[in-house]
Structures are given as structure tokens and as C-alpha cells.
Amino acid sequence: MSARGVTPVRAALAHATLLVVALGCLVAVPLAAPQQPSWAWMFGAMGVALLLWVADLLVTLLTRRGRLRLRAVDGTTEVVGSPWSRPVDVAAPVVLVLALVGGVLSLVDPGPLAPGTTSLDAAAPVAVLAVLALLATAGLRHVLAGRRLRSRLRLHASGVEVSGPDGRDHLPWSSLTGVGPRPLALLGYSGRVLALPGPELRSDPDLVARLVEHYRTHPRERDELADGRAVERARTGRLDELGGSAR
């Protein structure tokens, strides 16, 4: 199995860095508020958004560890996903849009500016908030339009099908060369990488990778994927070094 991607230690360091940056932004809010309110809005929004992201990562990690949620459906074995966006995908855009409104209002009546600053200095963080809010809300287009697909991973006898907010894709077993658990992705020939919606699959990415890897390397057992035997095999721990619990 390919182990391409970040290691647990590097992921923990990345999460810790995000937390430190988020707290730094929040500490800067009261320092900037008296004479640079638009900067205070930017620091506050970035700090809250990063905290929401870190909290989502921690909750996802704790609720998925050691769990593999499977079901047999339509002649396939499905790694169960979520029909909804992660809460942070909705909460973060709301925070950024509200901060953008606050930043714009602060420009209308800016009050006394700090020595050596201009109105352009006050407008700069509002421009940053506008870009961040635009990028964040663009990710909700499928949800707002009611066209968001359920994120899921289906294993067929013929290959692996991935569904996510941006559509569906399929990779035949003959084109699959490995599985990357961190980040969760299918690896194909010619460097092709098919990313999986790991955070929305509600399963431990290591166990998902081992599930796919088992049937990639055991072609004679792929007929189990059509009748529920694969779910039972995973539940009883009979996949190669699978461990954990299947649900």
C-alpha cells in the first residue's frame, strides 16, 4: 500500500500551527480595534474561522478513529458518506461575510486613524475579507443550489466509484496502483491521483485505505462486493491487517 501523503506527526504539527495562528489573530483584535477597526474585523474573522477549522479536524479525528462504516447497496459495498457539508463549510463563510459587513461599516465612520496610516491602509483588510468571503461562499454553490451529491465511496467488482460535491468518477481495478491514506486518495498509472472526500466519509482513512487495498490485491474476492460478504468480512476483521470496527 502506498503511504504517500502527510504522516500523523506532520498532521498534528499542522493542526497545532493552525491553532497558534488562530489564537494570535484573536489576540491582535483588541490591539487593533481602537485605531484600526477594519484590521480588527479581519483578524477576528480569520481567528474564528481557523478555530472552527481546527475544531472540525479534531471532532472528525475523534469520531472516525478505528471505525469503518460500510453498507451493502445496489450490488456494491459502500463506505458511507454524508449528504451534508461539514459544519465548518457553512459556519466559516457566515463568519467571513459578517466580518466583511463589519469591516465595510468601519470604513464609513473610521474614527481617528493610527499615526502614519491612510484610508488605504484601513481598506486593505476589507479587500482581504472580500476575497476570503468570495472563496468561502463559492464552495457552497452546490448546497445552495440543492445539487450537492452525497459524498461516498463504492467498491464494485469492476472498480471503485467516488462521489462528491463536484460529481462522480470511476477508476477500474486494472488502473489502480495503490491507495494513499493521508490524504485519502486512489493512485493510478501515469501519476493519476483521484482524491477521496475523506472528512465526509465518516470512517478512519487508514481503514478505508486498507479496505480498498485488500480488494485491489485480492481480485478473486471481488465478487463479495456485490452481496454483502465484504461488509461481513470487514466486520469480523478478516481483511488483511484491517483491525478496528466495521459498522
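The values are calculated or read from the model by the stated rules, or taken from the named source; none is laboratory data. What you are looking at is a predicted structure, and each value in this text was computed from that prediction instead of being measured. With ideal geometry, Cβ positions are generated from the backbone for all residues, glycine too; neighbour counts draw on all protein chains shown. Heads up: the accessible areas ignore ligands, DNA and RNA and are worked out on the full protein's heavy atoms, side chains in. Shrake-Rupley method; radii C 1.70, N 1.55, O 1.52, S 1.80 Å.
Laid out as a table, the results:
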{"read-out": "Listed peptides 26-35, 91-100, 207-216 by packing density, highest first (mean Cβ within 10 Å)", "value": "207-216, 91-100, 26-35"}
{"read-out": "Order of exposure, largest accessible area first, which applies to Asp227, Asp204, Asp74, Asp89 with probe 1.4 Å", "value": "Asp74, Asp227, Asp89, Asp204"}
{"read-out": "Residues with amide H under 5 Å from that of Arg67, placed H, sequence gap 5 or more", "value": "Asp204, Ser245"}
{"read-out": "Highest average packing first - 187-193, 61-67, 17-23, Cβ atoms within 10 Å", "value": "17-23, 61-67, 187-193"}
